[in-house]
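Here's the structure we're looking at; comments come further down.
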Amino acid sequence: MPACLYLASKSPRRLEILRNLGYAVAPLPQGGSSPFAFAGDEERAPGESSTDYVLRTARTKALQAFGEIRSRNLPRRPVVAADTTVVLGEDILGKPRDKAEELQFLRRLSCQTHIVRTAVFAGTDEANLRGLVSESRVTFGRITPEDMLAYASGSEPYDKAGGYAVQGLAAVFIEKIEGSYSGIMGLPVYETAALLREFGCGPFQD
C-alpha cells in the first residue's frame, strides 16, 4: 500500500496505532531536532482552559509539519498531529520531570478520577486542517506507597502525559475507564479515522 499520510509526532505509540490499523505512514524527516517538540509544549497560556491547551498544542504540531513538508518539497499528503493531556480538577499533569514529581503525580491520582483529553488534527494544509477532541475518564484505585515507589523507579512514566502508560504496568492501578482506550494511549482511533476519511485515506480505502 502506498503511503497515505504523515504523522507529526515523535511518539512510537501513535505510529504503532496507525500501522496496526493498516495505515501506510510516510516518514517525515525532522533534521537535527524534532519540529514537534516546541516551546509551548507543557506550558499553559494564562487563562487557557485544558481543552484549549490540548487543541492549541496539537494544531501547532500540524502547522509545523506543513512548514517542514514545504521546506523539503515533500509530496502532498494528509498530516496527522495529536497531543494528550491528563487533567485532574483543572490542573494539567504533564510529563514528570523526575522521580519526585512522578511520585507526586501518583499520590494525586490514587483513589481519584481524572480526565484524559487527546486532540487530533488532520489536513493537507492550513486551509483544510480540522480537529477533534476525545475525552475519557480514568479512575485509579488505591496505589500503595510501595507500588508508587516501584513504578516511579522504572523508565515507563517519564515520557508519558500524567506520568503513566495505560497500556503498560500502570494498568494495574486502573479501576475503571470510560471513553476511548486508544485516546488515552495518545491517538483516538475513531476520531482519527473520521478525519482521514475526508482525504480518502483509510484502512478500507485504496
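Only the coordinates and a few stated rules stand behind these numbers; no lab work does. Computed from a prediction, not measured in an experiment: that's the story for all the values here. Positions of Cβ are backbone-derived with ideal geometry, glycine not excepted, and every protein chain shown enters the neighbour counts.
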Looking at Phe140, Tyr23, Phe121, which one has the Cα that reaches farthest to the positive end of the dipole of the chain (charges on Cβ: Lys, Arg +1; Asp, Glu -1)?
Tyr23
Quick one: helix 99-109 against the long Cα principal axis of the chain, what's the angle to the nearest 10°, folded into 0 to 90?
80
Calculated from DSSP H runs of 4 or more alone, at -39500 (n - 2.57) each and per residue, what is the 222 nm mean residue ellipticity of the chain, nearest 500?
-9500 deg cm²/dmol
Flagged as over-length at 26 Å C-alpha distance, from Lys10/Lys95; Lys10/Lys176; Lys95/Lys176, the pairs are Lys10/Lys176
Computed on Cα atoms, the radius of gyration and Dmax of segment 107-206 in angstrom are 16.6, 52
Of the residues Asn73, Asn20, Asn128, which exhibits the maximal mean-square fluctuation in a Gaussian network model of the chain defined by a 10 Å Cα contact cut-off?
Asn73
Can you give the charge dipole size of segment 5-197 about its Cα centre, rounded to the nearest 20 debye, using +1 on the beta carbon of Lys and Arg and -1 on the beta carbon of Asp and Glu?
620
Mean-square fluctuation maximum in Gaussian network of the chain, Cα pairs under 10 Å, restricted to Ala58, Ala45, Ala119, hits Ala45
Run through every distinct alpha carbon pair of the chain and return the Kirkwood hydrodynamic radius in angstroms, one decimal place.
17.6
